[in-house]
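Let me begin by presenting the structure, written as structure tokens, before commenting on it.
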Amino acid sequence: MKTVRAEFVKSAVRPEHYPEMAMPEVAFVGRSNVGKSSLINTLVGRKDLAKTSNTPGRTQLINFFSVNGKISFVDLPGYGFAKVAKSLRKDWGEMIEAYLQGRQYLAMVIFVLDIRRDPNDDDLSLRDWLQNFRIPYLFVLTKADKLSRNQANVRRRVIEKYLGLPAGVKPILFSAKTQEGKSDIWQVLESHLQAQM
Ligand code: GDP
């Protein structure tokens, strides 16, 4: 999709504050610093729509964006800050679970992982949630430019094993630096969302 217009709509914590936009929604999840904001910015062709590098421990919000007035992108707060207090972790979990379970417009989750890191327990629990709630998801492996082509393919296979992906389900390699993977991700999104747009 050629992005003509992408705009911030609203931040929210609780479902009663989510915006009422009757558009299919794509939510982005991933550990902090994984490259989630850079991915969103690259997909919509804007430098700073999603803010990069949030401060650890700050109150975290769910951010809603409108893309071409047709799709809604949702930036879910990153997880896995070592320093974050247990109480904040609990808040994070409740906020994400309420969104994933209750959001009627949610059409797909883009699950963002750093290609250089093995998925950890937080990543695996989130994958289990998505499976339990039967939410379609796509894995995107970011920062592919930091590895050679060979290394990147090796890492992709290692991560596939960790995630226990069924044969034929391939994570997409992505780089915000080279834009590798951008059109592949749009292709998956468009074919998945077509029926709902
Ligand atoms: P977020 O916390 O998941 O939103 O991550 P950000 O998008 O803020 O990125 C975290 C850091 O990784 C920043 O310094 C980015 O410039 C860098 N980064 C993100 N994506 C890429 C990428 O594809 N390639 C490279 N080389 N660096 C990236």
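Filtered by the rule that a residue be within 20 Å of LYS182 (Cα to Cα) and of a type in the set (A, V, I, L, M, F, W, C), segment 132-158 gives LEU138, PHE139, VAL140, LEU141, ALA144, LEU147, ALA152. For segment 145-154, the set of residues classified as out of contact with any helix residue (DSSP H, G or I) (no Cβ under 7 Å at 6 or more places or on another chain) and either open to solvent by 50 Å² or more (accessible area, probe 1.4 Å) or within 15 Å of the ligand (Cβ to nearest atom) (or both) consists of ASP145, LYS146, SER148, ARG149, ASN150, GLN151, VAL154, listed by residue number. Cβ separations smaller than 6 Å between residues 6+ apart or across chains give no pair from segment 170-194 residues that are open to solvent by 80 Å² or more (accessible area, probe 1.4 Å) and more than 16 Å from the ligand (Cβ to nearest atom) to residues that are modelled with pLDDT of 95 or more and acidic (Asp, Glu). Any residue that is among the acidic types (Asp, Glu), within 18 Å of LEU76 (Cα to Cα) and in contact with a Gly (Cβ under 9 Å, 6 or more places away or on another chain) - is there at least one of those in segment 127-138? The answer is no; no qualifying residue exists. Each residue in segment 10-22 was checked for being aliphatic (A, V, I, L, M) and either within 13 Å of GLN60 (Cβ to Cβ) or at pLDDT 95 or above (or both), and 2 pass.
Checked against the criterion of being under 19 Å from SER32 (Cβ atoms) and away from the ligand (no atom under 15 Å from the Cβ), the candidates ARG134, ARG127, ARG157, ARG116 yield just one match: ARG127.
Please verify whether ASN132 is touching a residue at least 40 places away in the same chain (Cβ under 8 Å) and loosely packed, with under 15 Cβ neighbours inside 10 Å, treating the condition exactly as stated. It is false that ASN132 is touching a residue at least 40 places away in the same chain (Cβ under 8 Å) and loosely packed, with under 15 Cβ neighbours inside 10 Å. The conditions of being at pLDDT 90 or above, surrounded by 14 or more Cβ atoms within 10 Å (Cβ to Cβ) and out of contact with any strand residue (DSSP E or B) (no Cβ under 9 Å at 6 or more places or on another chain) are not met by THR52. Against the criterion of being modelled with pLDDT under 95, more than 15 Å from the ligand (Cβ to nearest atom) and under 24 Å from ASN33 (Cβ atoms), LEU165 qualifies.
Here the helices (runs of 4 or more DSSP H) wholly within segment 100-197 that include at least 1 residues being over 30 Å from VAL13 (Cβ atoms) and among the aromatic types (Phe, Trp, Tyr) are 149-163.
Scanning segment 1-56 for residues that are in a loop (DSSP other than H, G, I, E, B), of a type in the set (D, E, K, R) and within 15 Å of the ligand (Cβ to nearest atom) returns ARG46, LYS47, ASP48, LYS51.
The values are calculated or read from the model by the stated rules, or taken from the named source; none is laboratory data. From a predicted model like this one, the values you see are computed outputs, not experimental measurements. Glycine also receives a Cβ, built like all others from the backbone with ideal geometry; neighbour counts cover every protein chain displayed. For the accessible areas, the whole protein counts, side chains as well, though only heavy atoms, and no ligand, DNA or RNA atoms are used. Shrake-Rupley method; radii C 1.70, N 1.55, O 1.52, S 1.80 Å.
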